[in-house]
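Right, one structure below, let's go through it.
Just so it is clear, none of the values below were taken in a lab; they were calculated from the coordinates. None of these values were measured; they are calculated from a predicted model. Ideal geometry is used to build each Cβ from the backbone, glycine not excepted, and the neighbour counts take in all protein chains shown.
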Amino acid sequence: MNPGQREDIKAGLRKRGYTLAGVAQELGVSRQAVSLILAGRRSQRIEAYIAQVLGLTVAEVWTGRYPSDKESV
C-alpha cells in the first residue's frame, strides 16, 4: 500500500466520523494494530471492518491484496 492509499483510507474514515483510535476501540484492539494494517500488515477482521465503514469491499480498499469479485480465482 502506498502512502496515498493510506491517506485516502484515513480521510474516508474521518469523513464518516471515525478515527484510527475509534476503529481500534470498536474492534477491541490497539490503535497500533490498526495503524499496522495501514502500513501493510494483514488482519482480515480489521480490514473488513474498515472496508465496511467506507462502504467498499475489502478488495476495493486493498487493491492487489485480495482478488475482486470481477477477477477469476
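Count the net charge of all other residues whose Cβ sits under 11 Å from the Cβ of ALA33, scoring Lys and Arg as +1 and Asp and Glu as -1.
On the way: positive: ARG31, ARG41, ARG45; negative: none.
Once all neighbours under 11 Å are counted, the net charge is +3.
Angle, helix 44-54 long axis vs. longest principal axis of the chain, Cα atoms, 0 to 90°, nearest 10?
80 degrees
For the chain, just the Cα set please: Rg and Dmax, both in angstrom.
Taking only Cα atoms of the chain, I get Rg and Dmax of 11.8, 36 Å.
Using the Cα centre of segment 3-57 as the reference point, and only Cβ charges (+1 on K/R, -1 on D/E), how large is the resulting charge dipole? Debye, rounded to the nearest 20.
Working: 9 positive and 4 negative charges, 13 e Å.
It comes to approximately 60 debye.
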